[in-house]
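The values are calculated or read from the model by the stated rules, or taken from the named source; none is laboratory data. These numbers were taken from a predicted model, which means no experiment stands behind them. Don't worry about glycine lacking a Cβ; one is built from the backbone with ideal geometry, like all the others, and counts go over all protein chains shown. Protein only, heavy atoms only, side chains kept; ligands, DNA and RNA dropped before computing areas. Shrake-Rupley method; radii C 1.70, N 1.55, O 1.52, S 1.80 Å.
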Amino acid sequence: MTLILGLESSCDETAAAVVKDGTEVLSNVVSSQITQHAPFGGVVPELAAREHLKAIQPVTDAALEEAGCKISGIDAIAVTQGPGLMPALLVGLNFAKGLAAGHNLPLIGINHFTAHIYGAFFEIGASELSNPERYPILALVVSGGHTALVLIGKDKQVRVAGTTIDDAAGEALDKAAKLLNLGYPGGPVIEKAAKSGNPKAFNFPRGLTGGGGKPLAPEHRFNFSFSGVKTAMLYHCRNAGGAENLDEQTLYDSVASYQEAVIDVLVKKTVAAAKHFGAATVIMAGGVACNSLLRERLTEKLPKNRNLVISPKKYCTDNAAMVAGLAYHHFQEKDFSGIDIDAYPRLPELTNVPF
Ligand code: KG4
Ligand code: ZN
């Protein structure tokens, strides 16, 4: 039996979890900083770091207690190394280094992006990972920091099929919510407000889909762009003389139409990529994957001969269970990190997965 303590501090959630053998989540504690960042309409990196500093020890203690174990029973410390906000990442990483050194435990630095993909596997069970019929796997990772389609082969090799050339989908939702004075984070508030609106009321642009009279360049077939839809919302508000001038129903219609545009692109590109690459399994993970309409739409549009695995909501948004779970596969290979590892803000080139 292998027990791994995972730590996550890449953005605005301080999280710790204990996972047994890469699959059994014994505890999954998340402390959110939403209320601290809300007045600013987005995450303030400095503030995030200070909040992580306050929360990391209590969150770790709670995760160990909930799992019914002590640090002496832990086999390794896993921590998000990147990508993410540097000041935030450094808190978790240095805390993890201290724990590992102090208790003479191996340290495992984890790629947050790959961890999001792994989070979806808590639903289907680890045995499915070794089932060759599940491959190739197409993963849509859609969060505040990322929007990408990656292909994972039976040989664990990874190929990035498409990625955003500007903003992530979550960022587009967060920015629109800020423009409309709806609060932070944008995804959940937009989802709620959109329920009262007509998604066909306004036609927001669908980036890189070959619309608007411009043919789509082949290299952008599976890439995403959300800066256009964001700018369109800015002009939509300006044309009304400011967001505050939109009457209640127009506001709901605007939000519903905007959400529709974002979801439409995500679903169409994912379905097209699944067909093009002959994916046996399609996974959706990351914070935006919490969106109920997106979950429904992908389920409806993806041909039934593909296995669809949508990450359980609690593993969509940032958490440490996905970090500890993924780390188990590094642990088995004795792929440990040195105490001198650095955090990294950007996604490095992804070539393979450890599971
Ligand atoms: O994965 P995550 O917690 O952090 C990153 O790695 O970025 O994703 C956060 C993003 C935010 O942009 C947030 O607005 C979005 O996920 N989000 C949602 C929903 N819940 C969170 N977007 C759409 N619908 C939701 N229900
Ligand atoms: Zn994330």
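If packing is taken as the average count of other Cβ atoms within 10 Å, what order do 214-227, 312-325 fall into, highest mean first? All intermediate terms of the calculation are to be shown ahead of the outcome.
Details: 214-227: 15.4, 312-325: 26.2.
Listed from highest to lowest mean packing, they are 312-325, 214-227.
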Q: At q = 0.19 Å⁻¹, work out log10 I(q)/I(0) for segment 243-355 with the Debye formula, treating every Cα as an identical point scatterer and leaving solvent out; two decimals please.
A: -1.15
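What number comes out for accessible area per residue over segment 41-88 if the probe is 1.4 Å? Units Å², please.
On the way: 2080 Å² over 48 residues.
So segment 41-88 comes to 43 Å² accessible per residue, rounded to a whole number.
Run the dipole for segment 235-314 about the Cα centre, Lys and Arg Cβ at +1, Asp and Glu Cβ at -1, nothing else charged, and hand back the magnitude in debye, nearest 20.
My answer is approximately 720 debye.
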Q.
Under 14 Å between alpha carbons, and skipping anything fewer than 8 positions from Lys301 in its own chain: which aspartates and glutamates qualify?
A. Asp264
**Q.** Theoretical ellipticity at 222 nm over the chain - DSSP helices of four or more residues, -39500 (n - 2.57) apiece, nearest 500
**A.** -12500 deg cm²/dmol
**Q.** Net charge, Cys237 excluded, C-beta distance under 12 Å - Lys, Arg +1, Asp, Glu -1
**A.** +3
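Rounded to the nearest 0.05, what FRET efficiency do Glu300 and Glu244 have when you use their Cβ-Cβ distance and R0 = 22 Å? Don't jump to the answer; show the numbers that get you there.
Working: r = 36 Å, r/R0 = 1.64.
That pair, Glu300 with Glu244, gives E of 0.05.
Can you compute the charge dipole magnitude of the chain about its Cα centre, using +1 on each Lys and Arg Cβ and -1 on each Asp and Glu Cβ, nothing else charged? Give it in debye, rounded to the nearest 20.
Values: 31 positive and 35 negative charges, 217 e Å.
So the dipole magnitude of the chain works out to roughly 1040 debye.
Considering only protein heavy atoms, what per residue accessible area in square angstrom results for segment 143-271 with a 1.4 angstrom probe?
Values: 6020 Å² over 129 residues.
Accessible surface, normalised per residue, equals 47 Å².
How would you rank 197-203, 305-311, highest first, on the average number of other Cβ atoms within 10 Å across their residues?
Values: 197-203: 15.9, 305-311: 17.4.
The densest-packed peptide leads the list: 305-311, 197-203.
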Q | Peptides 292-304, 20-32, 130-142 ordered by average Cβ neighbours within 10 Å, highest first | A | 130-142, 20-32, 292-304
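Taking the Cβ-Cβ separation of Glu333 and Ser127 as r and a Förster radius of 22 Å, what is the calculated FRET efficiency to the nearest 0.05? Display every interim value, and only then the final one.
On the way: r = 19 Å, r/R0 = 0.85.
So the FRET efficiency works out to roughly 0.70.
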Q.
Please compute the alpha carbon radius of gyration of segment 1-132, then divide it by the globular-protein estimate 2.2 N^0.38 Å. Two decimals is fine.
A. 1.05
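How long are the three semi-axes of the equivalent ellipsoid of segment 50-207, in whole Å, if each is the root of 5 times an eigenvalue of the C-alpha gyration tensor, listed from largest down?
Numbers: eigenvalues 222, 116, 47 Å².
Ellipsoid semi-axes (Å, largest first): 33, 24, 15.
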Q.
Ignoring ligands, DNA and RNA, please state the percent of accessible area on segment 127-272 from carbon and sulfur, probe 1.4 Å.
A. 52
**Q.** Set of lysines with alpha-carbon distance to Lys304 below 30 Å, sequence-local pairs under 8 removed
**A.** Lys154, Lys156, Lys192, Lys195, Lys200, Lys268, Lys269, Lys275, Lys313, Lys314
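Kindly identify the chain as rounded, prolate or oblate by the Cα gyration tensor criterion: order the square roots of the eigenvalues as a ≥ b ≥ c, call it rounded if a/c is under 1.5, otherwise compare a/b with b/c, prolate if a/b is larger, else oblate. Walk me through the numbers before you get to the answer.
Numbers: a/c = 2.13, a/b = 1.40, b/c = 1.51.
Note, shape of the chain comes out oblate.
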